[in-house]
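Q: Please read through the structure below; I'll follow up with questions.
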Amino acid sequence: MARKWWVTGLFLTVLTGAIVTFHLLELDETLSLDGLKRYQVMLSDYVDAHPLFTAVMFFSIYVLATAVSF
């Protein structure tokens, strides 16, 4: 029974820390639809300037997301 409370406490602490960090870094504004619209031109220019790096990063994120989903 004591282990269950320890795991629950750890989970809540990590979750609270993630939420606080998310707001302190203002990721809620950056990762919103309006924020992404503001950075669309900059992101497009970066992709045009670095096509190989962008393709490798996309593939890596895809593989990681697929591996985590199983």
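The values are calculated or read from the model by the stated rules, or taken from the named source; none is laboratory data. Keep in mind it's a predicted model, so treat the numbers as computed, not measured. Cβ atoms come from the backbone with ideal geometry, glycine included; neighbour counts cover every protein chain shown.
Q: Would you pick out the residues in the range 49-70 that are among the hydrophobic types (A, V, I, L, M, F, W, C) and either surrounded by 11 or more Cβ atoms within 10 Å (Cβ to Cβ) or touching a strand residue (DSSP E or B) at 6+ places or on another chain (Cβ under 8 Å) (or both)?
A: Phe53, Ala55, Val56, Met57, Phe58
Q: Another question, if that's okay. Being surrounded by 10 or more Cβ atoms within 10 Å (Cβ to Cβ), more than 21 Å from Phe59 (Cα to Cα), modelled with pLDDT of 85 or more and among the hydrophobic types (A, V, I, L, M, F, W, C) is the filter here; which residues of the range 23-48 pass it?
A: Across the range 23-48, the qualifying residue is only Leu25.
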